[in-house]
Amino acid sequence: MISSVVFTSGYPTRLRGIGRRRLAFNDRINVLFGPNGSGKTTILKTLAAASGCGRGGWSDGRRPEPLPYGVKVERDAQPVFYQDCYRDSEKSFVGVDYLEAHAYLRSTGEKRIGLVNELVDDIEGRLRSRKLGRNERPTLLLDEVDNHVGFAGQSILWGDLFGRLSKRYQIIISTHSIFPVLLRRNSSLRQDNIVVLAERYAEICVLELGKAIKRFNATNALGIG
Ligand SMILES: Nc1ncnc2c1ncn2[C@@H]1O[C@H](COP(=O)(O)OP(=O)(O)O)[C@@H](O)[C@H]1O
Ligand SMILES: [Mg+2]
């Protein structure tokens, strides 16, 4: 598990949403939420480098890469997997094809649970390049891997899929999606930790979305074929 990161010198300390504050992570779902340039990739790359993940994929016991800025990462010896959305996007973490299938998106109850099980199997298939020991609980560092998932698929992704994955993996993920904010869970099973990297950013996004939906409801016309 990666428990925290704090930057002590260099450019990350000059980013307004990061500075010198200690960012703490829980054992389940942690979402880095902020606009472009707020430091999401900086944080994830740093955690990957400190864990010996190199440019992507599983940590392999190599020595952590030196970084051109000061940072302290608190972590244990569990394995770490790192993927960003730009490199290897064709081998993407999320199996988009059936996530976006309309029949599935409309599904409820057992059918939806079946879909989520399939998706979890699919994702774990991609992670199987490293065999996990019984007591291992890896961390997944995911940089905007949901970028190419359409709006409808986001609901399954954030409402169901990451919740299921977080039973077996600690997840630290950056995103531009508003869904993890809207669907945030706070229960005995799941306490989603939303790390907001720009002042009032979550409120502003929810407000703008609310205004758009209100306008849409007032005109009450889909008018699209
Ligand atoms: N190696 C670097 N040296 C100096 N500034 C950098 C470096 N890498 C990124 N930055 C700057 O840090 C800021 C945050 O970038 P980044 O972490 O990529 O944000 P995000 O992923 O949230 O879009 C940007 O202003 C970017 O230009
Ligand atoms: Mg980025």
Single residue of S177, S129 found to be small (G, A, S) and modelled with pLDDT of 85 or more: S177
The listed residue being more than 16 Å from ligand 1 (Cβ to nearest atom), at pLDDT below 90 and either surrounded by 12 or more Cβ atoms within 10 Å (Cβ to Cβ) or of a type in the set (S, T, Y) (or both), out of G95, G109, G61: G95
Filtered residues of region 35-52 (kept if more than 8 Å from ligand 1 (Cβ to nearest atom) and among the small types (G, A, S)): A48, A49, A50, S51, G52
Residues of region 1-31 classified as aliphatic (A, V, I, L, M) and touching a Lys or Arg at 6+ places or on another chain (Cβ under 8 Å), total: 5
Among (1) of a type outside the set (K, R); (2) more than 16 Å from ligand 2 (Cβ to nearest atom); (3) over 17 Å from L141 (Cβ atoms); (4) free of Cβ contacts under 8 Å to residues at least 40 places away in the same chain - the single one G37 does not satisfy: (2)
Residues of region 1-22 that turn out to be near ligand 1 (Cβ under 10 Å from one of its atoms), under 20 Å from R75 (Cα atoms) and surrounded by fewer than 15 Cβ atoms within 10 Å (Cβ to Cβ), as a count: 0
Given (1) of a type in the set (G, A, S); (2) part of a helix (DSSP H, G or I); (3) out of contact with any Phe, Trp or Tyr (no Cβ under 7 Å at 6 or more places or on another chain), number of the condition A202 does not satisfy: (3)
Identity of the residue in region 64-87, among the aromatic types (F, W, Y) and touching a Pro at 6+ places or on another chain (Cβ under 9 Å), that ends up surrounded by the fewest Cβ atoms within 10 Å (Cβ to Cβ): Y69
Qualifying residue in region 26-39 (condition: exposed (fewer than 12 other Cβ atoms within 10 Å of the Cβ), at pLDDT 80 or above and of a type outside the set (A, V, I, L, M)): yes
Pair list, Cβ under 7 Å, 6 or more apart: region 198-218 residue touching a residue at least 60 places away in the same chain (Cβ under 8 Å), other residue part of a helix (DSSP H, G or I): A202/V181
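The values are calculated or read from the model by the stated rules, or taken from the named source; none is laboratory data. Because the structure is predicted, anything quoted here is derived from the model rather than measured. Backbone-built Cβ (ideal geometry, glycine too); neighbour counts: all protein chains shown.
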